[in-house]
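The structure under discussion appears below in the form of structure tokens.
The values are calculated or read from the model by the stated rules, or taken from the named source; none is laboratory data. Note that the coordinates shown come from a computational prediction; the quantities given were computed from them, not determined experimentally. Don't worry about glycine lacking a Cβ; one is built from the backbone with ideal geometry, like all the others, and counts go over all protein chains shown.
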Amino acid sequence: MSDHSEILPRRQSMGGIADQLTGIPLHFPAERRWVIAMAFASALLLLLMVSVTELFTRGVGIWGINIPVNWAFAIHNYVWWLGIGHAGTLISALLLLTGSEWRNSLNRFAETMTLFAVVCAGIYPILHLGRPWYVYWMFPYPATMGVWPQFRSPLEWDIWAVMTYLTVSLAFWYIGLIPDLAAARDRATGRGWQIFFGITSLGWRGSAVHWLRWSQAYRMTAALAVPLVVSVHSEVSLLFAAGQIPGWHSTIFPPYFVLGAAFSGFAMVAIIAVVLRCWFGLGNLVTDDHLDVLGKVLLATGLMTGYGYVFEVFDALYSGEAHEMRTLLDRVAGVYAWIYWGAVLFNFVPLQALWWRGVRRSGWALLLISISVAIGMWLERDMILVTSLYRDFLVSSWSKFTPTFWDWSTYLGTIGLFLVPFLIAVRLIPMISIFETKELLHEEKEGA
Amino acid sequence: MAERAYGMLGEFESPEALLAAARYARAAGYRELDAFTPFPVEGLAQVLKIPRPWISLVGLIGTLAGAGTALLMQMFVSYDYPLNVGGRPIYALSAFAVVTFELTILCSALAMLIVMLWQNGLPRLNYPVFAAPRFHLASKDRFFLCVKSEDPMFDDREIAAFLTGLGAASVERVPS
């Protein structure tokens, strides 16, 4: 923990860090690039709105889903987005508790990423309901019809898991943000910014007794967030594993899903880290050492996910069940074999380059590998859903799934739903934790 | 100087200087002390004799309340609207585990956040120390020690001399 290895260049001053990081919202350095990115993101968001309007008007029949593939893109993207969210919480919470110093430069945008990824995930089950305006039926409210929700159903667990995850992530994010909002308030010169940061920082003044209570609340919330991440994604996997469908009914699912989630999430953190670092010239805070650690984590979680792949095959073979083995055969050699092999290719082949230190420390290489992982994990979720469903127990109900334009447009649209608030957050709040970076710098100088 | 003071604010350049100053101030008999720092400074709470916070206790209470509420809610719902799905038990505790776990965490986290803010007296957008011209540096790279006016030994001039003697870069009187 405190071997005083240098992760931040020590020559920096605390005041310099505060000015640099609060300067990003206060004197936005990359106005034009931000406007272009925002225009792109807004176009995607508009596409989502059109897709959702079409969906609400005409129903889920506009998607390529059928019987038996009645879950496809909606749930597959739900799992993918939720998985991306998980790395944010893991970086923030788990590494806070274990005292990993390198988290400080990454945790803020990782948490921000989590928040919006969970929102993207959360809308999918609602859209998939068929009649989304009845989503409130999932809540236990005293209905005049005298009906209560079914708490023994995994779909009911879903709503509690996602709502809790979103709320706790938001609380954790905001607790960590308060001192930095106060720092931005104190640097702000424009009246509008003073009011904005003045109100959002709640009048934080950095009093010793405040810090004491704050630290306790922050660390305790972190301690709660770690099992929460594991439980939420295990719960998602139980949606599958609790069913009898071949290819789903497996005990490896909860850990396999959680690790896959961490894998795709860390890939997204790496993408955002490289982009923001290049965009705002944050090379002094998100250093090559940070990329190095991210690369190592990506490699480790990737290899663990690879173990899940191996175990899935083993599980099917060991079970000796005809349907399990047929699904396995379908995956590796069926009509959707390209999805399976695509997942293997994108997830694990470029990943091996991360064994080399030089590759891990190169922003471009890490960016490309991470994009490949994001695609690979997307294919993996598709593989789990479609290749299991399209041929179930009854030959008479076999049917293939082909995504329609609306499947794709809804998916691309959620990327807009993710990017628009994320870009707004980049514009409005310090994207790297100011006080934690200063704390680390102080510790490093002390240890020197 | 007719106005009542909130306290005297001394500015220090490093956490070590602040800790040393706080120690001297305690030794000199000052009891109503507060410090303002850009990040949590280790050991400051012990020097200032701040009592241990009980936020974690609140978290525990929230945990129990969340778990209890979740279990009772699910059992009541299953009792009030029993559904026989494949002959499975109505009170299926293992099936209730997920929602119970989620609500446990939700209630605990929210309880801690709310109690932390409430105990800290936040949100309170204005506070006397904000009036000090150099206080904005407390969120940047300066460390402030404040002797509050409630202190029985409070005396403007004496404290100013005392803080300057400890190496304070600036000493300001904060009006209340």
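Points to keep in mind about this one:
- Scanning the stretch B:111-142 for residues that are within 10 Å of the chain's Cα centre (by Cα) and of a type outside the set (Phe, Trp, Tyr) yields B:Val115, B:Met116, B:Leu117, B:Gln119, B:Asn120, B:Gly121, B:Leu122.
- Any hit, the stretch A:370-393, residues being touching a Cys at 6+ places or on another chain (Cβ under 9 Å) and either within 26 Å of A:Gly308 (Cβ to Cβ) or assigned to a helix (DSSP H, G or I) (or both): no
- Looking across the stretch A:27-48 at every residue that is part of a helix (DSSP H, G or I) and of a type in the set (Phe, Trp, Tyr), the one that is nearest to A:Arg191 (Cα to Cα) is identified as A:Trp34.
- The sole residue among A:Gly265, A:Gly283, A:Gly247, A:Gly302 that is in contact with a helix residue (DSSP H, G or I) (Cβ under 9 Å, 6 or more places away or on another chain) and surrounded by fewer than 22 Cβ atoms within 10 Å (Cβ to Cβ) is A:Gly283.
- Residue match in the stretch A:393-416 (condition: crowded, with 17+ Cβ neighbours inside 10 Å, away from chain B (no Cβ under 14 Å) and out of contact with any helix residue (DSSP H, G or I) (no Cβ under 9 Å at 6 or more places or on another chain)): no
- In summary, helices (runs of 4 or more DSSP H) completely within the stretch B:7-117 and bearing 3 or more residues that are facing chain A (nearest Cβ under 7 Å) and of a type outside the set (Phe, Trp, Tyr) occur at B:55-80.
- Flag if A:Val313 is out of contact with any Lys or Arg (no Cβ under 6 Å at 6 or more places or on another chain) and over 30 Å from A:Lys438 (Cβ atoms): yes
- Scanning the stretch B:46-91 for residues that are surrounded by 17 or more Cβ atoms within 10 Å (Cβ to Cβ), in contact with a Lys or Arg (Cβ under 8 Å, 6 or more places away or on another chain) and of a type in the set (A, V, I, L, M, F, W, C) yields B:Val47, B:Leu48, B:Ile55.
- A:Ala208, sole failed condition from (1) surrounded by fewer than 20 Cβ atoms within 10 Å (Cβ to Cβ); (2) within 9 Å of chain B (Cβ to nearest Cβ): (1)
- Counted residues, the stretch A:147-200 - those being in contact with a helix residue (DSSP H, G or I) (Cβ under 7 Å, 6 or more places away or on another chain), part of a loop (DSSP other than H, G, I, E, B) and in contact (Cβ under 8 Å) with a residue 12 or more places away in the chain: 2
- Residue check, B:Ala138 at the interface with another protein chain (Cβ under 8 Å from one of its Cβ atoms) and either assigned to a helix (DSSP H, G or I) or modelled with pLDDT under 85 (or both): yes
- Between B:Leu71, B:Leu125, B:Leu117, B:Leu103, the distinction of being touching a helix residue (DSSP H, G or I) at 6+ places or on another chain (Cβ under 7 Å) and either of a type in the set (Lys, Arg) or closer than 17 Å to A:Ile178 by Cβ (or both) belongs to B:Leu125 only.
- Test: A:Trp148 is among the aromatic types (Phe, Trp, Tyr), over 29 Å from A:Glu436 (Cβ atoms), surrounded by 18 or more Cβ atoms within 10 Å (Cβ to Cβ) and more than 7 Å from chain B (Cβ to nearest Cβ): no
- Residue in the stretch A:39-47 that is away from chain B (no Cβ under 14 Å), touching a residue at least 60 places away in the same chain (Cβ under 8 Å), surrounded by fewer than 16 Cβ atoms within 10 Å (Cβ to Cβ) and over 24 Å from the mean Cα position of the chain (by Cα) present: no
- Subset tally (residues that are in a helix (DSSP H, G or I), hydrophobic (A, V, I, L, M, F, W, C) and either more than 14 Å from chain B (Cβ to nearest Cβ) or more than 22 Å from A:Ala18 (Cα to Cα) (or both)) for the stretch A:417-448: 10
- Any hit, the stretch A:259-276, residues being within 14 Å of chain B (Cβ to nearest Cβ) and of a type in the set (Phe, Trp, Tyr): no
- Looking only at residues in the stretch A:225-238 that are of a type in the set (A, V, I, L, M, F, W, C) and buried (at least 24 other Cβ atoms within 10 Å of the Cβ), the one that is nearest to the other protein chains (Cβ to nearest Cβ) is A:Leu228.
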